[in-house]
Amino acid sequence: MTRTVRIRSGDRLLDIEYAWVGAPESTGPVVVFLHEGLGSVAMWRDFPARLCEALGLRGLVWSRAGYGRSTPRPPDLHWAPDFMHHQAHEDLPALLEALDLRPAGSGYLLLGHSDGGSIALIHAASFPGRCAGVIVLAPHLFVEALSIRSIAAARQAYLDTDLRERLARYHDDPDSAFWGWNDAWLSPAFRSWNIEALLPAIDCPVLAIQGHDDVYGTMAQIDRIADALPATRLLKLADCGHSPHRDQPAAVITACRQFIAGIIAPRAAGPSVVNPGQETPR
């Protein structure tokens with residue numbers, strides 16, 4: 001069951017859809033989930049609950065403005081290339097404050113998928129000391145030709161197929177969700193978007209996961225994270241596309257469990273290899 005909370009982001013008041021999952025009695029860090037460019041609370045399906053149950057932690061799942069049951073994007077609002085920075089700098093902190101989830105003790109954990117992974121990295125770099133750790137699934141650090149081709153193909157599918165109707169199951173305003181993301185990414189001004197320069201400011205552990213069959217990004221995305229942050233753990237999954245938590249949920253949950261064990265109970269943590277034969281510690 002989801003709820004809404006009102007936040008102020010810049011000069012706008014936004015109603016944000018959210019849900020709590022996992023162990024409400026947990027004293028460990030809360031896992032904050034950040035969805036992909038067409039995602040929402042509902043589109044995570046049962047993964048957040050499964051993960052938090054495995055971790056023994058509480059999780060916060062929410063729909064960013066423009067998505068799910070949150071305030072839609074106004075039809076005349078076109079997101080600028082820095083839209084993910086805005087969401088990392090303003091929307092996420094405002095939500096955490098509204099829910100009284102303040103950084104204290106061990107901080108909070110961010111788990112982001114795709115654009116949500118980029119937002120997680122931007123937030124962690126911009127607010128040192130607040131995050132206990134960051135987990136990113138198929139994040140974007142820079143724009144690749146592969147990404148643009150796939151996003152252009154998604155535009156055609158939205159115009160020519162039942163994609164709009166299928167997205168309407170998860171979004172009050174599917175046009176808000178789709179065109180906000182699609183127009184921003186396909187804008188010529190977005191081609192130079194790049195967040196690599198921010199990465200060295202991240203002061204918490206990072207786990208980065210990518211599928212070999214991802215049509216929206218290559219392994220270069222997570223390899224660049226490890227180049228900037230050598231302690232990053234990498235998990236590269238075979239038979240996996242752009243959504244590792246759907247294509248390989250067991251492997252992702254195992255990796256997250258072992259990664260987080262090293263954060264909240266370092267003395268009890270196992271070996272550094274999360275998934276032998278697949279993970280590449282850097």
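Rule-based calculations on the coordinates, nothing more; no lab input. Just so it is clear, the model here is predicted, and its values are computed rather than measured. Note: ideal-geometry Cβ built from the backbone for every residue, glycine included; neighbour counts use all protein chains shown.
Relative contact order for the chain using alpha-carbon pairs under 8 Å, separation at least 6, rounded to a whole percent?
Details: 588 pairs, mean separation 49.7, N = 282.
The value is 18 percent.
Report the relative contact order of the stretch 1-47, percent, no decimals, based on alpha-carbon pairs under 8 angstrom and at least 6 residues apart. Display every interim value, and only then the final one.
Working: 30 pairs, mean separation 12.6, N = 47.
It rounds to 27 percent for the stretch 1-47.
Whole-Hz Karplus ³J(HN,Hα) for the stretch 197-206, in order, using 6.51 cos²θ - 1.76 cosθ + 1.60 and θ = phi - 60°, x for Gly and Pro?
5, 7, 4, x, 7, 6, 10, 10, x, 10
Using θ = phi - 60° and the Karplus relation 6.51 cos²θ - 1.76 cosθ + 1.60, list the HN-Hα couplings for the stretch 65-80 in order, rounded to whole Hz, with x at every Gly or Pro.
3, x, 10, x, 9, 6, 3, x, 6, x, x, 8, 8, 9, 5, 6
Compare GLY133, GLY56, GLY66 in a GNM of the chain, Cα atoms joined below 10 Å, and give the one with the largest fluctuation.
It is GLY56.
How many percent of DSSP beta bridges within the chain run antiparallel, rounded to 5?
Numbers: 16 of 38 bridges.
Among the beta bridges of the chain, antiparallel pairing accounts for roughly 40 percent.
Quick one: putting +1 on the C-beta of Lys and Arg, -1 on the C-beta of Asp and Glu, what dipole do you get for the chain around its Cα centre, in Debye to the nearest 20? Don't skip to the answer; put the middle values down first.
Numbers: 25 positive and 31 negative charges, 116 e Å.
My answer is approximately 560 debye.
Per-residue ellipticity at 222 nm for the chain, helices alone: DSSP H runs ≥ 4 residues times -39500 (n - 2.57), over residue total, nearest 500 deg cm²/dmol?
Numbers: 10 runs with 95 residues, N = 282.
Result for the chain, helices only: -9500 deg cm²/dmol.
Search the structure for amide H atoms under 5 Å from the amide H of LEU109, placed 1.01 Å from N in the peptide plane, and list their residues when 5 or more places away or on another chain.
Distant-sequence amide H within range of LEU109: VAL30, VAL31, VAL32, ALA132.
Hydropathy at least -0.5 by Kyte-Doolittle, axial extent at least 30 angstrom from the Cα trace: which helices of the chain, defined as entire DSSP H runs, fit? Numbers along the way, then the final one.
Working: long enough: none.
Helices meeting the criterion: none.
Pick out which of GLU36, GLU17, GLU90 has the largest mean-square fluctuation in a Gaussian network model of the chain, springs linking Cα atoms closer than 10 Å.
Result for the chain, Cα springs under 10 Å: GLU90 fluctuates most.
Arrange the following residues from fewest to most other Cβ atoms within 10 Å of their Cβ: ILE225, ILE148, ILE209.
Values: ILE225 26, ILE148 15, ILE209 30.
Ascending Cβ contact count within 10 Å gives the list ILE148, ILE225, ILE209.
Only sites in a loop by DSSP and with at most 12 other Cβ atoms within 10 Å count here; which trypsin sites (Lys or Arg not before Pro) in the stretch 153-256 make the cut?
Those satisfying the criteria are ARG169.
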